[in-house]
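Participant: Handing you a structure now.
The values are calculated or read from the model by the stated rules, or taken from the named source; none is laboratory data. What you see is a predicted model, and the numbers here were worked out from it, not measured in a lab. Neighbour counts are summed over all protein chains in view; Cβ atoms, including those assigned to glycine, are modelled from backbone coordinates with ideal geometry. The protein model used for the area step is the full one, side chains on, heavy atoms only, and it has no ligands, DNA or RNA in it. Shrake-Rupley method; radii C 1.70, N 1.55, O 1.52, S 1.80 Å.
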Amino acid sequence: MRFKVTEKVFKEAEKEGSAREFFFKLCELLSDGELSRKVLKKLSKEEQEKVVFSLVKENGLERYFKLSDNLFASLRKAFRAKYRLNVEKEWEEKLSNWRKEFEEALDRAVVSYLLKAEGREIVYQLYLKGWIVASDVVNEFKGSGEDFGKWVMERGDFSFLALRIEKWLELKPFKRREKILRDILKAYELGCLELAIYGLFPQTEGVIWDTFLKENVVEADLESLIRKRNRKFVTIQYAVKLIVEKLLGKDEIPDFFDWVRFVDYKEGTLNRHAIQHGVAVNFGTKENFLRLFLFLDFLAEIVFYLTKSPSRRGG
């Protein structure tokens, strides 16, 4: 019997329910059926243990194998630990490369944004007041950060918002969400601001996911690793933190995306964590909606620079 277990053989044996059946299946596969379940059951306990320890030795499982009353369970756990470590190593290596490309891509996008926005100082002023908005909105506004909230409340009527969404829909990550986005706008028009805000928050994460996985703007194959590693890939908080850092040189995240302890949440404020967990109830204001809507509008501009850059057009 060949004791060397390949990943393919391990995965096939893993389909078995119990650790004992896992052991039987493993031996059957390694022996081309000669060491069947029936044959193994006839072996004495000592003979079965000998087979188990041969598997441990031949597959380098000594560092993972922890002896217990259930020898078969110990064997299965050892194999799982070994393959999990291999996946971890592969994940960390590829993630390190991906993170470097990810940050470089965001660098280019943020620089493009700043080249279009007329003055970094006003961008910073708006951020301090809780607003992150697209460059053309920055340029249209002619006041100070103190005045922006009042200005945008007057400027942000239905037709303004509808036109913004039409621009978003030119981008694939937004086009996939067209019905949802239009329904959000309907909810806003009907005065259902809580529902509109509920609808907007998940789109930020979905757009990030689509941009970096489906559009694959850093040209790295992470999908298979994500499936193996069961990771979320990249969170909106991580992406936004990097954007703010590159935009303003501040290592922080806007309050409306930051994690907050429920006991510290101030009712009425815009906060993703409190709202999506149902802690917040009195957050349905026009200002909160516009703050989140205009952030998604800003994100659309960043996605445009990421997906429409010369390097991705082959230029």
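Participant: Let me spell it out: the conditions are (1) farther than 28 Å from residue 142 by Cα; (2) loosely packed, with under 15 Cβ neighbours inside 10 Å; (3) small (Gly, Ala, Ser), and residue 206 meets all of them except one. Which number is the exception?
Facilitator: Only one criterion is unmet by residue 206, namely (2).
Per-residue answers, yes or no, for (1) assigned to a loop (DSSP other than H, G, I, E, B); (2) open to solvent by 50 Å² or more (accessible area, probe 1.4 Å); (3) over 14 Å from residue 247 (Cα atoms); (4) touching a His at 6+ places or on another chain (Cβ under 8 Å):
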site	(1), (2), (3), (4)
103	no, yes, no, no
109	no, no, no, no
112	no, no, no, no
124	no, yes, no, no
127	no, no, no, no
131	yes, no, no, no
137	no, no, yes, no
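The rows are residues; the columns are (1) surrounded by fewer than 15 Cβ atoms within 10 Å (Cβ to Cβ); (2) at pLDDT below 95; (3) in a helix (DSSP H, G or I).
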{"position": "149", "(1), (2), (3)": "no, yes, yes"}
{"position": "162", "(1), (2), (3)": "yes, no, yes"}
{"position": "167", "(1), (2), (3)": "no, no, yes"}
{"position": "174", "(1), (2), (3)": "no, no, yes"}
{"position": "179", "(1), (2), (3)": "yes, no, yes"}
{"position": "182", "(1), (2), (3)": "yes, no, yes"}
{"position": "185", "(1), (2), (3)": "no, no, yes"}
{"position": "188", "(1), (2), (3)": "no, no, yes"}
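Participant: Any idea how many residues of the range 53-79 are over 12 Å from residue 19 (Cα atoms), in contact (Cβ under 8 Å) with a residue 24 or more places away in the chain and open to solvent by less than 30 Å² (accessible area, probe 1.4 Å)?
Facilitator: Selection size over the range 53-79: 2.
Participant: If a residue must be assigned to a helix (DSSP H, G or I) and open to solvent by 10 Å² or more (accessible area, probe 1.4 Å), how many such residues does the range 276-296 contain? So that I can check it myself, show each step before the final result.
Facilitator: Keep residues of the range 276-296 that are assigned to a helix (DSSP H, G or I), which gives 276, 286-296.
Among the residues that remain, those that are also open to solvent by 10 Å² or more (accessible area, probe 1.4 Å) are: 276, 286-288, 291.
Qualifying residue count for the region: 5.
Participant: Regarding residue 155, is this residue open to solvent by 70 Å² or more (accessible area, probe 1.4 Å) and either hydrophobic (A, V, I, L, M, F, W, C) or under 22 Å from the mean Cα position of the chain (by Cα) (or both)?
Facilitator: Working: open to solvent by 70 Å² or more (accessible area, probe 1.4 Å): yes; either hydrophobic (A, V, I, L, M, F, W, C) or under 22 Å from the mean Cα position of the chain (by Cα) (or both): no.
No, not satisfied.
Participant: Then there's this: For the range 248-275, name all the residues that are of a type in the set (A, V, I, L, M, F, W, C), part of a loop (DSSP other than H, G, I, E, B) and open to solvent by 60 Å² or more (accessible area, probe 1.4 Å). Can you show your working first?
Facilitator: In the first step, residues of the range 248-275 are kept if they are of a type in the set (A, V, I, L, M, F, W, C); the result is 248, 253, 256-257, 259-260, 262-263, 270, 274-275.
With part of a loop (DSSP other than H, G, I, E, B) added as a condition, the list becomes 253, 256-257, 259-260, 270.
Hit for the range 248-275 is 259, nothing else.
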